[in-house]
Amino acid sequence: MEITEQCVVALTWKLKDTLGELLDELDEPVEFLVGGDDLLKPIEAALQGHGPGATLQLHIEPEEAFGDYDEERVFLEPRTIFPTELEEGMTFDGAALPKGHSDGMPKDLLYTVTEIYPEHVVLDGNHPLAGIALRIELKVESVREATEDEIGSGSAGTGFFKVQPASPGNGTLH
């Protein structure tokens, strides 16, 4: 079966920055809905017409991936409003930030703790891959028809590098 809109594709990949540094590697296939919310549009476009066994090399600029890095999404917040067990890399949903945070912090962002000081915490609302051009080697492991539930939800259950609130030490991007 060839890849078309509204099908599910199982992929493995190696994701690198333009200097060749490995950012993420997926050894076991993960399923994504083509034509939904799971994949970046340049990846979906490149996959069209390919089938199992196909390998693609893509270069994706920041504006086609996770956007440019925006310094206005970085906030310095009082340490006292956060839990005692705070670690760099922890994330907070913008809609559920602790009381006492700065006015004007967008509620639709996911904030990552990037630095912790005795009096302040740095929260970054940028995607971890914002501002980075990506090089990705994809391998199509399998292709199947999407179910009605997958089409209705716009996802096969896994989004491409969607960052979710994570527990300490969970550094995965997918």
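Among strands (runs of 3 or more DSSP E) lying entirely in region 1-70, which contain 2 or more residues that are over 19 Å from the mean Cα position of the chain (by Cα)?
Working: elements: 7-17, 22-34, 55-60.
Correct list: 55-60.
Determine whether Phe161 is within 17 Å of the chain's Cα centre (by Cα), at pLDDT below 95 and not in a loop (DSSP other than H, G, I, E, B).
no
Given the structure, is Gly125 surrounded by 12 or more Cβ atoms within 10 Å (Cβ to Cβ), under 20 Å from the mean Cα position of the chain (by Cα) and either basic (Lys, Arg) or at pLDDT below 95 (or both)? Steps first, please.
On the way: surrounded by 12 or more Cβ atoms within 10 Å (Cβ to Cβ): yes; under 20 Å from the mean Cα position of the chain (by Cα): yes; either basic (Lys, Arg) or at pLDDT below 95 (or both): no.
No; evaluated as a whole, the condition is false for this residue.
Take Glu85 and decide whether it is assigned to a helix (DSSP H, G or I) and loosely packed, with under 13 Cβ neighbours inside 10 Å. In short, no. With respect to the conditions (1) among the acidic types (Asp, Glu); (2) surrounded by 15 or more Cβ atoms within 10 Å (Cβ to Cβ); (3) at pLDDT below 95, Glu77 falls short on a single one, namely (3).
Identify, from the list Gly104, Gly53, Gly89, Gly35, the residue that is at pLDDT 95 or above and at positive phi. Give the derivation first.
Details: Gly104 fails: at pLDDT 95 or above; Gly89 fails: at pLDDT 95 or above; Gly35 fails: at pLDDT 95 or above.
From the options Gly104, Gly53, Gly89, Gly35, the qualifying one is Gly53.
On the basis of being among the acidic types (Asp, Glu), touching a residue at least 60 places away in the same chain (Cβ under 8 Å) and within 28 Å of Val30 (Cα to Cα), does Glu88 make the cut? Against the criterion (among the acidic types (Asp, Glu), touching a residue at least 60 places away in the same chain (Cβ under 8 Å) and within 28 Å of Val30 (Cα to Cα)), Glu88 does not qualify. Is there a residue being under 22 Å from Gly157 (Cα atoms), in contact with a Phe, Trp or Tyr (Cβ under 8 Å, 6 or more places away or on another chain) and assigned by TED's automatic domain parsing to the domain that holds Val113 anywhere in region 41-58? Within region 41-58 (the criterion being under 22 Å from Gly157 (Cα atoms), in contact with a Phe, Trp or Tyr (Cβ under 8 Å, 6 or more places away or on another chain) and assigned by TED's automatic domain parsing to the domain that holds Val113), the answer is no, since none of the residues qualifies.
The values are calculated or read from the model by the stated rules, or taken from the named source; none is laboratory data. Quantities reported herein were computed from a predicted structural model and do not represent experimental measurements. Glycine also receives a Cβ, built like all others from the backbone with ideal geometry; neighbour counts cover every protein chain displayed.
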